[in-house]
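For reference, the structure discussed in these notes is given below.
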There are 2 protein chains.
Amino acid sequence: MAKMKALVCRECGKEYPTEAIHVCELCFGPLEVKYNYDEIKTKVSRQSIEAGPKSLWRYQDFLPIEGKPTVGLYAGFTPLVRAHNLGAYLGIDELYIKNDCVNHPTLSFKDRVVAVALTRARELGFETAACASTGNLANSVAAHAAQAGMQCYVFIPGDLEAAKVLGNLIYRPKVIEIEGTYDDVNRLCSEIAGERQWAFVNVNVRPYYAEGSKTLAYETAEQLGWRAPDQVVVPMASGSLLTKIWKGLNEFKTVGLLDAVNTKVNGAQAEGCSPIATAYKQGRDFFKPVKPSTIAKSLAIGNPADGYYALKTVAESGGAMDAVSDDEVVEGIKLLAQTEGIFAETAGGVTIGVLQKLAKQGLIKRDDVTVAYITGNGLKTQEAVVDSVGRPYRIPPSLAKFEQTFGQQGEA
Amino acid sequence: MAKMKALVCRECGKEYPTEAIHVCELCFGPLEVKYNYDEIKTKVSRQSIEAGPKSLWRYQDFLPIEGKPTVGLYAGFTPLVRAHNLGAYLGIDELYIKNDCVNHPTLSFKDRVVAVALTRARELGFETAACASTGNLANSVAAHAAQAGMQCYVFIPGDLEAAKVLGNLIYRPKVIEIEGTYDDVNRLCSEIAGERQWAFVNVNVRPYYAEGSKTLAYETAEQLGWRAPDQVVVPMASGSLLTKIWKGLNEFKTVGLLDAVNTKVNGAQAEGCSPIATAYKQGRDFFKPVKPSTIAKSLAIGNPADGYYALKTVAESGGAMDAVSDDEVVEGIKLLAQTEGIFAETAGGVTIGVLQKLAKQGLIKRDDVTVAYITGNGLKTQEAVVDSVGRPYRIPPSLAKFEQTFGQQGEA
């Protein structure tokens, strides 16, 4: 019996075959993968997972592919870092950083969703990979498509950081910069997806793509010793990641891998693009789209496709949402680097900044087992911090000059 | 009985206690850690290692610390990527990339040697970490020192890539740029090390530091299913890494984890700084120091401390050495990215370039199980490739404009 039962509309419940479709014909709601959990339950155990590969594919039984994984075999299973110093600083006794800064191969959590999306896309017969991206997704699609021998087109806004643009070009896909925002890019890609037989990972293949994010939840639970955390803090661009972390934890409970899930799911945005967090604070179920203006470019989605569902998830789990200024984003990056030796990109600064706010407000308590998701590496957004970290001292190669600058005890 | 017997001079054999010393008093030769392999043999098995943590510390029994690891708990155990495409292109049937581009936390193999060096340094009572560095080492020392709560001073040459300078400053150590080459930096650090009670990881703590590189060999053997490869290709800066890969493989044989080691160890340099490869080609045992001039700045050590031992290792193992031009370095980076979706720094381009040369010359044969060590991430040396990868296409957010550029079939 098949692992995947159908695609199902999240709004009206209509079912569809597991093909490359993403929108309900009846009500235009988004489609999601529906699984046969009774079947999955017979296949998995803690031991079977622990015996699996050191990648996200150890959770293959929960992922929307029919055969074996073929793309992104080494993605996932990143370190869950116990953050003693940052926890002490914030007043949280058991704090962890889930560190996708070192994900294989392109240093962001997107390597997870792309591994799944392109494996499925190849099962469905696609030969060309494509995406609309705020940066990390394009890097990941370009890298994976190169390794998989697929043609590749990545579409990005016109103002991305230099490292992210290079991080596409190096793999030699077609890189198309759109003179506009991510939302303009996304709209154009939906139009192109209607015209080409291409696997747009976050358009026509989106239901499969999105499932890859669940692996962050699975890994968290396994690495915590098969328990769900009390609190998670998740950055929100489209809002999809946050919803899938909740889904993943609950799937583990459904099949008996976890006894209980009482996790509060908290969402983090940058003030300069916080449609979802704003709706939360105003007690509304629906967000109002915005025009983004923030250094957190990877989260700069003014019209987030899963914003509504992120609000539902946070409400259901009893969590909260908050947003931080660009200055607080930079301070968040520096705080994480200087306490835990982890250099994250702006999305990471957003997450740490909001983690700090929630702890300060007492929404995250000292004895809450807490996990913060750090989704991308700091080398990708250097522009955001390069002017905030000072400069090196510069001296000739002379011991006398060194001692002149640093005194007898090494103090400057 | 202790795992570490003594420090021993590699030249005259004189023994010393396992303290923070690195030079023989008698003959000024370098000191190396000497282990009690009979003792180690009683502790390790393939199963005990496989049950260990998913980090380099699964090989703790072979590493020069007395107690438990305290620094860099998540370093190592990076993917060994089967390179089907690159192998097919080069005519090598079973080619692997050992991918330290994603090492935790600073994306280079230096995270290994630093984890070991600083754990040992703390055992010896040091509170301040320091290093002379061509870039990656400083990033790693700064990050680990921040997490370990140690004071930190990193010394770098004056011409490093922007990402490497930022990759120090973000952790807020003292960063001292020396107006000179790495060799000037190294000399100055030796002087300072004589005056301060600091753990210079690659000066006074070097014997312990260097041992961390063995873990690349251990992981290779374990990830290949407990077998030694036929060929390895290793980039050479000081030459230490190459010698430690040979040492690591042979240690596994000594304690019975491997049945045989017939690995040919090959060394790779950039032509603009190839003192060791030049000596090899001229059939000499001793290299002549050079003034480096290459884009492969991480390998720009004109007076390599382990150059002599690297020549010995290659001779003993029946391997070879070669060097590549700066253009070939860039082509190597692009080839790896475009065949395997891995974006490496210039040292990686050196390794791939030399791998290609050795294969072309028939020194690496089609059926040689071959591993190439890719030691650092491409985002750290963007300057080297940014002008060689073209530019994105740039269009307004219009379907008509897209089709105008890319035609009906998506061809530009």
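The values are calculated or read from the model by the stated rules, or taken from the named source; none is laboratory data. Everything numeric here is computed off the predicted structure, so don't read it as measured data. Quick reminder, even Gly has a Cβ in these numbers, built from the backbone with ideal geometry, and neighbours come from all protein chains shown. The protein model used for the area step is the full one, side chains on, heavy atoms only, and it has no ligands, DNA or RNA in it. Shrake-Rupley method; radii C 1.70, N 1.55, O 1.52, S 1.80 Å.
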(message) So, taking all protein chains as they sit and a 1.4 Å probe, how much accessible area belongs to B:Val234, in Å² rounded to tens?
(response) 0
(message) Angle check, please: helix B:240-254 long axis (alpha carbons) against the longest principal axis of chain B (alpha carbons), in degrees 0 to 90, nearest 10.
(response) 70
(request) For the stretch B:5-63 and the stretch B:329-389, compute the distance between their C-alpha centroids and round to whole Å. (result) 32
(request) Could you tell me which chymotrypsin sites (Phe, Trp or Tyr not before Pro) in the stretch B:250-343 are loop residues by DSSP with no more than 12 other beta carbons within 10 angstrom of their beta carbon? (result) B:Phe286
(message) Which of the three applies to the stretch B:61-122, rounded, prolate or oblate, going by the alpha-carbon gyration tensor with a ≥ b ≥ c and a/c under 1.5 meaning rounded?
(response) prolate
(message) Tell me the angle of helix B:182-193 to the major Cα principal axis of chain B, expressed in degrees between 0 and 90 and rounded to the nearest ten.
(response) 30
(message) With a cut-off of 8 Å between alpha carbons and a minimum separation of six or more residues, what is the relative contact order of the stretch B:1-43 in percent?
(response) 46
(message) Counting only other chains, and only Cβ atoms inside 10 Å, what mean value do you get across the residues of B:114-127?
(response) 0
(request) Could you give the spread of the C-alpha atoms of the protein assembly as shown along their three principal axes, from largest to smallest, in whole angstroms? (result) 85, 58, 51
(request) Based on the mean of other Cβ atoms within 10 Å per residue, sort peptides A:121-131, A:222-232, B:105-115 so the most packed one is first. (result) B:105-115, A:121-131, A:222-232
(request) Using θ = phi - 60° and the Karplus relation 6.51 cos²θ - 1.76 cosθ + 1.60, list the HN-Hα couplings for the stretch B:101-118 in order, rounded to whole Hz, with x at every Gly or Pro. (result) 4, 10, 4, 9, x, 10, 6, 8, 5, 4, 4, 6, 5, 6, 4, 6, 4, 6
(request) Over the stretch B:1-151, calculate the relative contact order: mean separation of alpha carbon pairs under 8 Å at least 6 apart, over the residue count, as a percent. (result) 17
(message) Rg and Dmax in Å for chain A, alpha carbons only: what are they?
(response) 21.3, 78
(request) Could you let me know the centre-to-centre spacing of the stretch A:139-165 and the stretch A:200-239, using Cα atoms, in angstrom? (result) 22
(message) Please give me, ordered by residue number, the GluC sites (Glu not before Pro) of the stretch B:3-108 that lie in loop per DSSP and have at most 15 other Cβ atoms within 10 Å.
(response) B:Glu11, B:Glu19, B:Glu25, B:Glu66
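Given the rule -39500 (n - 2.57) for each run of at least 4 DSSP H residues, summed and divided by the residues of the protein assembly as shown, what is its mean residue ellipticity at 222 nm, to the nearest 500 deg cm²/dmol?
It comes out at -11000 deg cm²/dmol, rounded to the nearest 500.
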(message) Using a 1.4 Å probe on the protein heavy atoms, what percent of the accessible area of the protein assembly as shown belongs to carbon and sulfur?
(response) 47
(request) Please average, across the residues of A:153-164, the number of beta carbons from any other chain that are within 10 Å of each residue's own beta carbon, and give a whole number. (result) 2
(message) Amide H of B:Asn377 versus every other amide H placed in the peptide plane: which residues, excluding those fewer than 5 positions away on the same chain, fall under 5 Å?
(response) B:Glu345
(message) Output wanted: per-residue J couplings in Hz (rounded whole) for the stretch B:82-89, from phi through Karplus 6.51 cos²θ - 1.76 cosθ + 1.60, θ = phi - 60°, x for Gly and Pro.
(response) 6, 9, 5, 6, 5, x, 4, 5
(message) Contact order normalised by length for chain A, with contacts defined as Cα pairs under 8 Å and 6 or more residues apart; what percent is it?
(response) 16
(request) Mind listing the label-point distances from B:Gln282 to the same position on all other copies, shortest first, one decimal in nm, points 7 Å along Cα→Cβ? (result) 7.5
(request) Using only atoms on other chains, find how many Cβ atoms lie within 10 Å of each Cβ of peptide A:386-395 and report the average. (result) 6
(request) Enter the accessible area per residue of the stretch A:146-216 (Å², integer; probe 1.4 Å; all protein chains in place). (result) 27
(message) Could you compute how much accessible area chains A and B hide from each other, both sides summed, with a 1.4 Å probe? Nearest 100 Å² is fine.
(response) 6600
(request) Determine the per residue accessible area of the stretch B:1-43 with all protein chains present and a 1.4 angstrom probe, expressed in square angstrom. (result) 59
(request) Between copies, how far apart are the B:Gln361 label points? List them in nm, one decimal, shortest first, with each point 7 Å from Cα toward Cβ, please? (result) 6.5
(request) Tell me which residues come under 5 Å, amide H to amide H, from A:Phe200 once H is placed; ignore anything under 5 positions away on its chain. (result) A:Ala130, A:Val205
(request) Note the angle between two axes, namely the Cα long axis of helix B:214-223 and the longest principal axis of the Cα atoms of chain B, as a number of degrees from 0 to 90, rounded to the nearest 10. (result) 60
(message) Residue by residue through the stretch A:398-404, what is 3J(HN,Hα) from phi via Karplus (6.51 cos²θ - 1.76 cosθ + 1.60, θ = phi - 60°)? Round to whole Hz and write x for glycine and proline.
(response) 9, 4, 4, 5, 4, 5, 4
(message) Going by amide H atoms built from the backbone, whose H comes under 5 Å of the H on A:Cys273, apart from near neighbours?
(response) A:Ser293
